[in-house]
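The values are calculated or read from the model by the stated rules, or taken from the named source; none is laboratory data. Fair warning: this is a prediction, and the values are worked out from it, not measured in the lab. Using ideal geometry, Cβ is built from the backbone for each residue, glycine included, and neighbour counts are taken over all protein chains shown. For the accessible areas, the whole protein counts, side chains as well, though only heavy atoms, and no ligand, DNA or RNA atoms are used. Shrake-Rupley method; radii C 1.70, N 1.55, O 1.52, S 1.80 Å.
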Amino acid sequence: MEAFILRLPKEGAPPERYRTAPHVRSIYPSHDEILLVRIATDNAVGWGEALTPVTPEAPAAIVTELLAGMVIGTVAGPPAPLTFRMQETMRERGHMSGHHMDAVAAVDIALWDLWGRTLGQPVHALLGGAYRDAVPVYLTSVPGDTPEEKARGAVMGYRDGHRRMKLHLSMEPAGVLATVDAVQSALDGSVQVAVDTHWVHDVATARPLGRAFDERGVWFFEAPLAPEDIDGHQVLAAGMATPVAVGEAMRNRFEFAHWATRNAMQIAQPDIGRTGISEGTAIATALAAHHVPIAPHHSMATSLAYAAGLHVAASAERVLAMEFGPGTVEKSRPLMDAWFMDAPVTDGAIALSDRPGLGVEVDEAAVRALAGEG
């Protein structure tokens, strides 16, 4: 079992490794930073990935120093029992989240890819079967800085086959609403439009914004408040019709079930690059009991983690749509090939594949070269 830390080339990137973004509290890498995991048996190789946009060295160390010793020497088989063992080894110490779970997610995804390739079956079949032949997706990161530019970007997305879109709008409420109005006007009601505000609000500012979304028929309101503020999200959700969507910061079924029980989320957004396939499937099952659909999150990982999310979404009972950004495909091209990378989004959905495992072919030589091994 090997871990590879990659920094993807990006033309015009600033010299500093990490940077802040306007109006957003989180820190971002100047180059996309990737953690891939390779697991090999005598007969097959599986690849996994964690969403690690900042300091991938931390989960990589957990993979190589802790998890490798638990995996090497076992017999390849259904991954869930081994994944559970990797989770619980640090559970008593409070590490059912954060870097430990990111590391477990990468290994778990690789184990599912390996098991699928060993049996010659796609992961969605091994998860119990697909509920759908194509996974609905929504376009994220609509380009443009001004309302007019966003509207033009949304029209381009519509022409590319997208029927659902999300706007990243972390500015003051007046600017948010002006952008929503411009995009909805340009699309003439033909597309569902969601808004992500990256937790810049408190309840006092989010509540009137949410009610304005109600008037406009906004699809969902993502990350309105601080990610740990379950009480605030509960109050907000009770006071507006627009669904509240949260979950990219969560790693396990217990967090998601607690939020669902409190009616603090109407749409759950697990990132399979942070939960893994085993836990992501458990999350989807737990939420179905609360009648909460999943809308898997995806941001700065490659097509490998995206494929894992598609398999979970295909095999989940209740799915709204999965986040999709064309940048995921483009940055993945030097490293891998996936069935969806050159297939058009048709009527707002990505068709499934019956390729074994995740259905992604990784260029091992390219990965080793970028990791500095070639």
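The residues of the chain have, on average, 40 Å² of accessible surface per residue, using a 1.4 Å probe with all protein chains present. Under 5 Å between amide hydrogens, built in the peptide plane, is the criterion, and for Tyr18 it picks out Ser30 among residues at least 5 positions away or on other chains. Helix 173-187 axis versus longest C-alpha principal axis of the chain: approximately 80°, rounded to the nearest ten.
Tell me, what is a quarter of the convex hull surface for the C-alpha atoms of the range 84-198, in nm² with one decimal?
Computed as one quarter of the Cα hull surface, the answer is 10.8 nm².
Within the accessible area of the range 197-328, the carbon and sulfur atoms contribute 54%, probe 1.4 Å, all protein chains present.
Between the listed residues Ala349, Ala308, Gly239, the Cα displaced farthest toward the positive end of the dipole of the range 216-374, a dipole computed from Cβ unit charges relative to the Cα centre, is found at Gly239.
Helix 203-216 and the longest principal axis of the C-alpha atoms of the chain enclose an angle of approximately 80°.
Within the chain, what's the longest run with no GluC sites (Glu not before Pro) in a DSSP loop and at most 15 other beta-carbon atoms within 10 Å? Give the range, please.
Maximal segment without exposed cleavage sites: 17-227.
Computed about its Cα centre, the charge dipole of the chain is approximately 400 debye, with only Lys, Arg, Asp and Glu carrying charge at their Cβ. When only Cα pairs below 8 angstrom with a gap of at least 6 residues are kept, the range 314-374 shows a relative contact order of 34 percent. The separation of the range 172-205 from the range 212-240, counted between C-alpha centres, amounts to 13 Å. Its Cα gyration tensor gives the chain an equivalent ellipsoid. The semi-axes, each the square root of 5 times an eigenvalue, are 33, 22, 20 Å from largest down.
Taking the charge dipole of the range 18-137 about its Cα centre, with +1 at Lys and Arg Cβ atoms and -1 at Asp and Glu Cβ atoms, the residue from Ile39, Ala103, Ala61 reaching farthest to the positive side is Ala103. Other residues within the sphere of radius under 15 Å centred on the Cβ of Leu209, judged by their own Cβ, net out at -4 (K and R +1, D and E -1).
The residues neighbouring Arg85, those whose beta-carbon lies less than 14 Å from its own, together hold a net charge of -3 under the Lys/Arg +1, Asp/Glu -1 convention. In the assembled protein chains, Asp145 presents an accessible area of approximately 140 Å² (probe radius 1.4 Å). If I take every Cα pair under 8 Å that is 6 or more residues apart in the chain, average their sequence separation and divide by the length, what percent do I get for the relative contact order? It rounds to 19 percent for the chain. Positive-end ranking of Phe340, Gly276, His290 along the dipole of the range 255-374, with charges on Cβ about the Cα centre, is headed by His290.
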